[in-house]
Amino acid sequence: MVVSDTESFIGDLRAQSQRYHSLHPFHVMMNEGGLSRRQIQGWVANRFYYQENIPRKDAAILANCPDRGVRRRWIRRIHDHDGTADGEGGIEAWLRLGEAAGLTREEMWDERHVVPGVRFAVDAYVNFARTRPWVEAVASSLTELFAPDLMAERLDAFERFYTWIDPAGLAYFRARLTQAPRDSEHALEVVMEHCRTPDEQSRAVAALSFKNDVLWSMMDAIDRAYPSSTGQRDA
Ligand code: AHQ
């Protein structure tokens with residue numbers, strides 16, 4: 001069995017950071033404080049559709065995964081998002097972010113603001129996890145290797161530029177600062193353990209590239225639906 005070297009494989013995975021959605025113009029504008037209230041609200045409402053689908057994506061991976069040890073750790077992701085009781089978890093924290101940004105829980109749950117491109121990208125991600133080999137679905141979550149820098153930059157930007165949002169609403173991003181590295185460390189361990197041949201490794205890189213496309217096309221759809229007005233920045 002041909003085993004390609006680990007370093008070049010990790011290098012190929014990390015090179016995907018060049019296509020991460022932190023580089024999307026909408027996120028660049030966000031982190032420079034250039035978004036309007038309406039653009040922030042549109043982004044929060046559309047990203048809620050992504051957040052509420054993450055536990056179902058992770059449950060799909062659990063359903064396909066034969067390894068008890070992996071399932072023991074992977075299930076934590078579902079508890080992180082769903083919580084273990086009302087008022088807990090990332091989905092709840094995202095609802096509070098939305099309320100802090102002036103949205104109602106009802107308009108986030110009823111998906112009235114979700115644009116087609118976001119719905120299709122998120123549904124494609126969930127279906128990828130349901131239908132692809134479970135290790136490829138694990139590999140697709142490795143965009144989280146690149147998330148901590150983005151979370152830190154975003155938190156700083158929200159605290160500096162979007163002071164109309166109650167800082168308590170930013171708790172979601174603070175939690176990701178520790179959850180994302182913990183999750184990506186586990187996902188990388190699984191991928192390094194199960195992707196030994198060149199073919200397995202190229203499929204893992206392709207899965208990560210697919211996820212970058214999911215995140216990028218979500219941002220394209222949000223950017224299109226919530227364009228910057230001619231340089232104005234309303235409060
Ligand atoms: O809030 C995010 C989250 O819960 C997850 C789960 C993980 C996955 O399993 O694919 N990816 C992810 C991400 C979250 N937030 C994104 C952001 O920019 O706020 C980043 C995204 C990711 O990097 O994949």
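The values are calculated or read from the model by the stated rules, or taken from the named source; none is laboratory data. All of these numbers come straight from a predicted model, not from anything done at the bench. Quick reminder, even Gly has a Cβ in these numbers, built from the backbone with ideal geometry, and neighbours come from all protein chains shown.
Data table
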quantity	calculated
Selection within region 46-89 - under 30 Å from ALA221 (Cα atoms) and charged (D, E, K, R)	ARG47, GLU52, ARG56, LYS57, ASP58, ARG77, ASP80, ASP82, GLU88
Looking only at region 157-186, and only at residues there that are within 14 Å of the chain's Cα centre (by Cα) and among the hydrophobic types (A, V, I, L, M, F, W, C), the one that is surrounded by the fewest Cβ atoms within 10 Å (Cβ to Cβ)	LEU177
Unmet criterion (only one of (1) in contact with a helix residue (DSSP H, G or I) (Cβ under 6 Å, 6 or more places away or on another chain); (2) under 30 Å from ALA225 (Cβ atoms); (3) touching a residue at least 24 places away in the same chain (Cβ under 8 Å)) for GLN39	(1)
Members of region 43-62 found to be in contact with a Lys or Arg (Cβ under 9 Å, 6 or more places away or on another chain) and free of Cβ contacts under 8 Å to residues at least 40 places away in the same chain, listed by number	ILE54, PRO55, LEU62
Among (1) surrounded by fewer than 18 Cβ atoms within 10 Å (Cβ to Cβ); (2) within 11 Å of the ligand (Cβ to nearest atom); (3) of a type in the set (D, E, K, R), the one test that ASP58 misses	(1)
Filter result for THR163 (part of a loop (DSSP other than H, G, I, E, B) and without any contact (Cβ under 8 Å) to a residue 12 or more places away in the chain)	yes
Selected residue (criterion: nearest to ARG47 (Cα to Cα)) from residues of region 77-103 that are within 12 Å of the ligand (Cβ to nearest atom) and of a type outside the set (A, V, I, L, M)	TRP94
Residues of region 122-133 classified as surrounded by 22 or more Cβ atoms within 10 Å (Cβ to Cβ) and either more than 9 Å from the ligand (Cβ to nearest atom) or among the acidic types (Asp, Glu) (or both), total	1
Qualifying residue in region 162-174 (condition: under 18 Å from HIS81 (Cβ atoms), within 11 Å of the ligand (Cβ to nearest atom) and at pLDDT 95 or above)	yes
